[in-house]
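In what follows, a single structure is set out as structure tokens and then discussed.
The values are calculated or read from the model by the stated rules, or taken from the named source; none is laboratory data. Values in this document were obtained by computation on a predicted structure and should not be read as measured data. With ideal geometry, Cβ positions are generated from the backbone for all residues, glycine too; neighbour counts draw on all protein chains shown. We work out accessible area using only protein heavy atoms, side chains counted, and drop any ligands, DNA or RNA first. Shrake-Rupley method; radii C 1.70, N 1.55, O 1.52, S 1.80 Å.
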Amino acid sequence: MVETQAGVTLVTNDVVEIAFSGKAVGNVDPRFPAEDLEANRQKLLRTLGVGKYTVQVCQMGSEFIDLSDTATKDIKPTYNTDGMFVNRTDVVLGLNPADCVAITMFDARHPSVIGLIHAGRQGVSGDIHLSALEHLTKAHRVPKEQVGMVFGPS
């Protein structure tokens with residue numbers, strides 16, 4: 001199902017809810033200064049009705065980061081990586097893909113197991129999507145037939 005509310009397009013199925021925010025939400029990217037950044041992030045969380053912490057993937061790295069076992073007090077608002085994974089419900093992953101594609105991978109059996117991948121031309125040429133699939137199947141023991149994927153707009 002796809003619906004739009006308060007400037008956020010929600011794509012939902014039986015397992016996960018994936019959101020694409022637009023200008024109506026305001027700036028939610030901590031890499032860019034904004035007076036109302038935190039208010040915008042909280043507005044997005046309220047609209048989604050989930051999470052306590054938003055974490056931004058910053059499209060600047062090669063290794064995946066997995067926050068599944070990271071203590072809440074140690075979670076930072078941004079990470080320089082092209083892919084992030086969690087197995088927890090208190091963290092909302094965010095990505096500003098610009099002219100690239102956001103790929104969300106998740107365990108169809110357990111909605112808390114989710115990854116967000118920045119798939120640009122160089123990353124896709126280097127098989128980032130396949131590396132992400134391998135991380136999900138090995139690190140989180142998700143059988144390939146249970147992996148769900150959503151490709152965001154470019």
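At-a-glance table
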read-out: Distance in nm between pseudo-label sites at Val124 and Gln146 (7 Å out along the Cβ direction from Cα); value: 2.9
read-out: Within the accessible area of the range 62-122 (1.4 Å probe), percent carbon and sulfur; value: 48
read-out: FRET efficiency, 1/(1 + (r/R0)^6) with R0 30 Å, evaluated for Ser154 and Arg46 via beta carbons; value: 0.65
read-out: Over the range 77-122: Kirkwood hydrodynamic radius from C-alpha pairwise inverse distances, Å; value: 11.3
read-out: FRET E, pair Lys76, Asp36, Förster distance 25 Å, beta-carbon r, rounded to 0.05; value: 0.75
read-out: Overall form of the range 102-154 per C-alpha gyration tensor (a/c, 1.5; a/b vs b/c); value: oblate
